[in-house]
1. Quick one: putting +1 on the C-beta of Lys and Arg, -1 on the C-beta of Asp and Glu, what dipole do you get for the chain around its Cα centre, in Debye to the nearest 20?
2. Using the Cβ atoms and a cut-off under 15 Å, what net charge is assigned to the surroundings of GLY104, where Lys and Arg are +1 and Asp and Glu are -1?
3. How charged is the neighbourhood of ALA119? Take every other residue with its Cβ under 9 Å from the Cβ of ALA119, and add Lys/Arg as +1 and Asp/Glu as -1.
4. Explain nothing, just the number: relative contact order of the chain, from Cα pairs under 8 Å at least 6 residues apart, as a whole percent.
5. Check the chain for me: any Cys whose beta-carbon has no other cysteine beta-carbon within less than 4.7 Å?
6. At 20 °C and 1.002 mPa s, what whole-number value in µm²/s does Stokes-Einstein give for the translational diffusion of segment 137-177, with Rh from the Kirkwood sum over Cα pairs?
7. From the backbone phi of segment 157-164, what are the Karplus-calculated ³J(HN,Hα) couplings (6.51 cos²θ - 1.76 cosθ + 1.60, θ = phi - 60°) in whole Hz, Gly and Pro given as x?
8. Output the Kirkwood hydrodynamic radius of the chain, Cα pairs only, in Å rounded to one decimal.
Amino acid sequence: MLTVTLVPCYSDNYAYLLSPVGSDEMAVVDACEAAPIVAALAGRRLTAVLATHHHPDHIGGHEELRSRFPELSVYGHVDELTDGHRIPAQTHGLADGESFLLFGTRVLALHVPGHTLTAVAYHFPDEEMVFTGDTLFGAGCGRLFEGTPVQLHGSLGRLAALPSPTRVFSGHEYLAKNLRFARHIEPANAATLAREQDCTARRDRGEPCEPSTMAIEHATNPFLRCEKAQVQAAVANREVELQSELSSTEVFARLRRWRNTF
């Protein structure tokens, strides 16, 4: 069994330290910046970095951590290792569906393009958890920087197909604003209101709102609910022209554009 420790970085990023129970060996998902990660290690040994994508706020600590831990293994998408070279100190390139062992636990790399073309989500099926970076957030999803709406919609669908109990760890603390948008889209969604109240209570106590579960995302995340009549009506009614029928992909694309300016 792995323990997960949330490490706040920058203004709203999260890195996640993973360790077998009782071990001083650790790995980190998204080494955003070195200083808070080193502090959280508290003298324990870092052996692996799992990078979800190449954006600077997710890989900013790589070089310093590699200097402190020369044998560090750094995982990312295979195209970054062979063509992109945008993940510093990367040692392992992962293709879609490839698995590897971390502390004896199987990790499955899921290629989830959209936010970036080489984004990877790390699924730990035996631990019932997934690290989604900036692809899937609590009640939201990432912006389209490199991919297309079709790609990101497909990637979210793939993540949504994971078992309902799967814990979802995302790359940023965006939940409060995402829930305001979700409630605007589905004002009658009782699950969204309840989640918003829980989020407010957690923030008032100084607690993180991560992780959620895939079941919670199915109930409250409008980007996973593009087939729902209320979501489709909200998107269609926002357009100047009347739309009698929209595909779920088009609903997703318009929803993502709308969130950009909300």
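1. Details: 23 positive and 32 negative charges, 128 e Å.
It works out to roughly 620 debye.
2. Details: positive: ARG106; negative: GLU25, ASP126, GLU127.
Combined, the nearby Lys, Arg, Asp and Glu give -2.
3. Values: positive: none; negative: ASP134, GLU146.
Its environment carries a net charge of -2.
4. On the way: 518 pairs, mean separation 32.3, N = 262.
Once divided by the residue count of the chain, the mean separation gives 12 percent.
5. CYS141, CYS199, CYS209, CYS226
6. Working: Rh = 11.5 Å.
In µm²/s, the coefficient rounds to 187.
7. Listing the rounded values in order: x, 5, 5, 5, 7, 5, x, 3 Hz.
8. Values: mean 1/r = 0.0532 Å⁻¹.
This gives a value of 18.8 Å.
Bear in mind these aren't lab numbers, they're just calculated from the coordinates by the rules spelled out. Since the model is a prediction, treat every value here as computed from it, not as a measurement. Note that we place each Cβ from the backbone using ideal geometry, even for glycine, and neighbour counts take in every protein chain shown.
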